[in-house]
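The values are calculated or read from the model by the stated rules, or taken from the named source; none is laboratory data. Bear in mind that the values here come from a model prediction, so they are computed numbers and not experimental data. Here the Cβ positions follow ideal geometry from the backbone for every residue, glycine too, while neighbour counts run over all protein chains shown. The accessibility values were calculated without ligands, DNA or RNA, using every heavy atom of the protein model including side chains. Shrake-Rupley method; radii C 1.70, N 1.55, O 1.52, S 1.80 Å.
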Amino acid sequence: MKFNPQSSLTPDQYGPDHIFAASLPSVNDPLTRPVGGVVKRALDILVAVAALIALSPLMLGVALIIAASSNGPIFYGHQRIGFGGRTFRCWKFRSMVVDGDSVLERHLRGNPEAQREWANDRKLRNDPRVTPIGAVIRMLSIDELPQLFNILMGEMSVVGPRPVVAAELRRYNASAGHYLRTRPGLTGMWQVSGRSDLSYDRRVQLDRYYVMRWNILADLSIILRTIPAVLKSRGSC
């Protein structure tokens, strides 16, 4: 399945980004490959395999704690947009209550400030859906470790834009073309630059910059910078 963000855009919505988007190859072009090609894919496989081996005891422990502390599945998969507009199920350790959608709906309905925060960032600093264990694993980004399997399957990359849903990609406007040129990442420039402390527009700018200026040294740098960013829980919510 593919998602075409351009179908929801009109010319008057294009800002300065259209200058960059005009030079991008079509996402429907069969010759188009994800940014980084074979070199980036080789790095993805190497890092994902090494991380799964090293972190398997931690992941097993987290799975057991989630199973023992709340009812519901251990893992949660949500549809996201990947390279070329293909949809895939992005996996995480479950950090929320099982009826999260209805909890969020009730919370937003009675809280105008939360409505504005959700509309602007698609995130809540005080999210009523998050379980006590979920708050800890989200703060340390442990909830995202199952995405290592997405990386091995070729749906994600170690480094790239944060995976988004269709509604979010529309907010990228003409920069959506940049997002669609690469696989979304387990980490990326947004994660090492402040995460939730940054505005959504700034996040889009960072994603666009990453795609336009990609090189293997940048990926290695972001991977190394991710470790202290996670340990400091910088910009987490």
For this session: May I ask you to list the residues in segment 57-93 that are open to solvent by less than 30 Å² (accessible area, probe 1.4 Å), closer than 18 Å to P132 by Cβ and in contact with an Asp or Glu (Cβ under 7 Å, 6 or more places away or on another chain)?
Result: F93
Exercise. Quick one: S69 ticks every box in (1) touching a helix residue (DSSP H, G or I) at 6+ places or on another chain (Cβ under 6 Å); (2) closer than 27 Å to D207 by Cα; (3) modelled with pLDDT under 95 bar one, so which box is it?
Worked result: (2)
Problem set entry | Residue satisfying condition, being farther than 26 Å from F93 by Cα and either modelled with pLDDT under 95 or part of a helix (DSSP H, G or I) (or both), within set V49, V35, V62 | V35
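Just need a number here: residues in segment 38-76 that are small (G, A, S) and over 22 Å from the mean Cα position of the chain (by Cα). It would help to see each step written out before you state the result.
Residues of segment 38-76 that are small (G, A, S), as a first pass: 42, 48, 50-51, 54, 56, 61, 63, 67-70, 72.
Filter again for over 22 Å from the mean Cα position of the chain (by Cα), leaving 54, 61, 67-70, 72.
Number of matching residues: 7.
Please specify each residue of segment 162-194 satisfying the condition of being of a type in the set (G, A, S) and buried (at least 22 other Cβ atoms within 10 Å of the Cβ). Full working, then the answer.
So in segment 162-194, the residues of a type in the set (G, A, S) come out as 166-167, 174-177, 185, 188, 193-194.
Result: A174, S175, A176, G177, G185, G188.
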Seminar exercise, completed: Within segment 90-115, residues free of Cβ contacts under 8 Å to residues at least 60 places away in the same chain, within 21 Å of the chain's Cα centre (by Cα) and outside any loop (DSSP other than H, G, I, E, B) come out as W91, K92, F93, M96, G100, D101, L104
Exercise. How many of the residues in segment 208-220 are open to solvent by less than 50 Å² (accessible area, probe 1.4 Å) and either within 20 Å of V47 (Cβ to Cβ) or over 15 Å from the mean Cα position of the chain (by Cα) (or both)?
Worked result: 4
Seminar exercise, completed: Here the residues within segment 146-194 that are touching a strand residue (DSSP E or B) at 6+ places or on another chain (Cβ under 9 Å), aromatic (F, W, Y) and within 23 Å of N215 (Cβ to Cβ) are Y172, Y179
Problem set entry | Selected residue (criterion: surrounded by the most Cβ atoms within 10 Å (Cβ to Cβ)) from residues of segment 118-161 that are basic (K, R) and at negative phi | R138
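Output the number of residues of segment 137-155 satisfying the condition of being within 17 Å of R195 (Cβ to Cβ) and in contact (Cβ under 8 Å) with a residue 60 or more places away in the chain.
Count: 7.
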